[in-house]
Amino acid sequence: MDSIINEKKHFCQICNKEYSTASSLSNHKKNQHQTDEKKNKNKEDNCYYCRKCDKSYKSYQSRWNHEKKCIVIENTKGDEIDEILEENQKLKDEKLKQAEQIIKLQTKIIKANRLDTKTFKAINKILMDRSYANHSHNNTNSHNTNNITNNIQQICNIGNEQLANILTEQQKKQIMNAKLNALERIVEIAHCGDYNQCKNIIITNLKDNFAYKYDQIKGYFITVEKNDLLDAVITIRLTDIEEIYDELQSANKIDGRTKHIIQSFLDKCNSDEPYTDENDVKYPNFKSYKQNSIKILLYNNQDKMTKDIALLISEKNE
């Protein structure tokens, strides 16, 4: 009977403690004697060894930070460990990417803010200097003046904007609902709004006879006769209004009253009869009246348009 009892006893060879099961003895050795060995090792070389693996650290705090992660890894299978490490690396890469994007955005904002403080003529001088530099570079390398690249690819020549294709249906309805002011509304949405390709006309002075339009080939704004430019703008935008009118009318998206007013508006624009506005100011015709209205609209928006062009320049720098 005693021999049977002794067979069930498990003795620690180090401290001679006895346990009823082999697993209890194993836990005792792991928790007591391995920890004691590492404590002694810590004292010998002034390092703090992880109680789960053999990594060493110079401070208790560093070891503690490691052990929090080590506990997770200790109970994880090998392939799962690789997945965790890979995921951690992805997170680090993503954070680095986000930091780079933030720095890039901050740099762009700084550049844009610096350019925003400049006048339109100063902005245009930057475009001209770049154009001349590109021209000189292309001549040096290929002797071909046709290789000049545009300073701002987004801006196109007046008349090439294709507004009927890029405006939203809501914007088209807004233009129609403006009725007799449809011309002012389409100019405001296109040239003074968010469409970069339409930042191609600038009026900086109401008194003189000059204005500026963007030249895609040269890559900067050129000086032109103000009345000629306004006449071109009105003619082109009236064509857009007619296209929008036909599109919405075919889709039955214009009410009868709006149809009648728009038709009357288009007839007035094509008439050469004298026109007198609500303030009894006389104009040679209705189109001349609208020309004056568009001129004031563009002049009042010159600062916003200049800032938009400055932002395009800053984006071109990247």
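The values are calculated or read from the model by the stated rules, or taken from the named source; none is laboratory data. Not measured: the values here are computed from a predicted model. Note: ideal-geometry Cβ built from the backbone for every residue, glycine included; neighbour counts use all protein chains shown.
Details
- Filter pass, K30 being in a helix (DSSP H, G or I), at pLDDT 70 or above, surrounded by fewer than 14 Cβ atoms within 10 Å (Cβ to Cβ) and among the basic types (K, R): no
- Tallying residues that are closer than 21 Å to I201 by Cα, among the hydrophobic types (A, V, I, L, M, F, W, C) and in contact with a strand residue (DSSP E or B) (Cβ under 8 Å, 6 or more places away or on another chain) within the range 268-308 yields 2.
- Count - residues of the range 244-263 that are touching a residue at least 60 places away in the same chain (Cβ under 8 Å) and surrounded by fewer than 14 Cβ atoms within 10 Å (Cβ to Cβ): 1
- Within the range 300-314, if we keep just the residues that are more than 17 Å from R130 (Cα to Cα) and touching a residue at least 12 places away in the same chain (Cβ under 8 Å), the residue that is surrounded by the fewest Cβ atoms within 10 Å (Cβ to Cβ) turns out to be K304.
- Which listed residue, of D231, D194, D208, is within 20 Å of I309 (Cβ to Cβ) and either of a type in the set (D, E, K, R) or assigned to a loop (DSSP other than H, G, I, E, B) (or both): D194
- Any hit, the range 298-306, residues being at pLDDT 95 or above and within 16 Å of K179 (Cα to Cα): no
- Evaluating I241 against the criteria (1) within 15 Å of A178 (Cβ to Cβ); (2) modelled with pLDDT under 95; (3) part of a helix (DSSP H, G or I) leaves one unmet condition, (2).
- Hey, Y289 surrounded by 13 or more Cβ atoms within 10 Å (Cβ to Cβ) and farther than 22 Å from I189 by Cβ or not: no
- Given (1) in contact (Cβ under 8 Å) with a residue 24 or more places away in the chain; (2) polar (S, T, N, Q); (3) in contact with a strand residue (DSSP E or B) (Cβ under 8 Å, 6 or more places away or on another chain), number of the condition T223 does not satisfy: (1)
Let's see how each residue does on (1) at pLDDT 60 or above; (2) part of a helix (DSSP H, G or I); (3) in contact with a Pro (Cβ under 7 Å, 6 or more places away or on another chain); (4) not hydrophobic (A, V, I, L, M, F, W, C):
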| residue | (1), (2), (3), (4) |
| --- | --- |
| I5 | no, yes, no, no |
| I14 | yes, no, no, no |
| S24 | yes, yes, no, yes |
| E37 | no, yes, no, yes |
| R51 | yes, no, no, yes |
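- Filter pass, K226 being among the charged types (D, E, K, R), within 32 Å of the chain's Cα centre (by Cα) and modelled with pLDDT of 95 or more: no
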